[in-house]
Amino acid sequence: MQLSTGDHSQRLQDALGRIKGLVFPLEGVMSGGHLTFTSGGDEICSCFFRDVLAIREAEERGISVAVVSERQSKAAATMLGQAGVRHIYLGCESKLQAYEQFKKECGLCDDDCAYIADDIVDIPILEKVTLSITPIDGVEYLRNRVSYISAYEGGKGCIREIIELILQQQGKWQYSDHCVM
């Protein structure tokens, strides 16, 4: 599927209606691609609060959410736990292996899953899922190949937009008169 920003074609609607699992990397999508450290070397991890609210809403409405990162980070683990993410894969050897583990733990298949990525390292997963997504600031190579391009940047509402679209299509978004963001 090659859809442009805002394209709500039947194929996109069908894909949104099937999603039971949403996966994305910490860096670039959840945190916006920034790594910040204190002068003492401790990592500071932050995220967009509207994304957090959407993650909680997704989990409450039966959509499993997972965050993957090849980096191990205590700050990220704390942030993600407080954000309500139930499936956290930090320090994983391979994001693809973490994605496979997530599917197994949740009883999902590739057709049940969406993946948001901002860079080429995630192509192996993007090629497997039923709905591949990149933020508006994702690398051009992805923007030319994914199912959907978010109108929002990573770390600045992309997750919120995608969760709203999924829940709206499935009739689970309680604010049905409200459009994305």
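Scanning the range 84-110 for residues that are basic (Lys, Arg) and in a helix (DSSP H, G or I) returns Lys95, Lys103, Lys104. Within this structure, Gly81 fails the test of being small (Gly, Ala, Ser) and either surrounded by 20 or more Cβ atoms within 10 Å (Cβ to Cβ) or on the phi > 0 side of the Ramachandran plot (or both). When Phe102 is tested against (1) at pLDDT 95 or above; (2) over 17 Å from the mean Cα position of the chain (by Cα); (3) surrounded by 13 or more Cβ atoms within 10 Å (Cβ to Cβ), exactly one condition is not met: (2). Residues in the range 125-153 that are more than 15 Å from the chain's Cα centre (by Cα), closer than 14 Å to Val29 by Cβ and touching a residue at least 40 places away in the same chain (Cβ under 8 Å): none.
Within the range 111-124, the set of residues being in a loop (DSSP other than H, G, I, E, B) and either of a type in the set (S, T, N, Q) or under 12 Å from the mean Cα position of the chain (by Cα) (or both) comprises Ala117, Asp118. With respect to being surrounded by fewer than 18 Cβ atoms within 10 Å (Cβ to Cβ), at pLDDT below 90, in contact with a Phe, Trp or Tyr (Cβ under 8 Å, 6 or more places away or on another chain) and not hydroxyl-bearing (Ser, Thr, Tyr), Ile44 fits the description. Picking from residues in the range 84-99 that are hydroxyl-bearing (Ser, Thr, Tyr) and more than 26 Å from Gln13 (Cβ to Cβ), the one that is surrounded by the fewest Cβ atoms within 10 Å (Cβ to Cβ) is Ser94. Can you work out which of the residues in the range 84-95 that are more than 14 Å from the chain's Cα centre (by Cα) and not small (Gly, Ala, Ser) is nearest to Ala66 (Cα to Cα)? Result: Leu90.
Residue-wise test of (1) of a type in the set (Lys, Arg); (2) modelled with pLDDT of 90 or more; (3) on the phi < 0 side of the Ramachandran plot; (4) in contact with a Leu (Cβ under 6 Å, 6 or more places away or on another chain).
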{"residue": "Gly40", "(1), (2), (3), (4)": "no, no, yes, no"}
{"residue": "Arg56", "(1), (2), (3), (4)": "yes, yes, yes, no"}
{"residue": "Asp111", "(1), (2), (3), (4)": "no, yes, yes, no"}
{"residue": "Ala117", "(1), (2), (3), (4)": "no, yes, yes, yes"}
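The set of residues in the range 125-155 that are among the aromatic types (Phe, Trp, Tyr) and either outside any strand (DSSP E or B) or surrounded by fewer than 16 Cβ atoms within 10 Å (Cβ to Cβ) (or both) comprises Tyr141, Tyr152.
The values are calculated or read from the model by the stated rules, or taken from the named source; none is laboratory data. In this text the structure is predicted, and so the values were computed from the model without any measurement. Quick reminder, even Gly has a Cβ in these numbers, built from the backbone with ideal geometry, and neighbours come from all protein chains shown.
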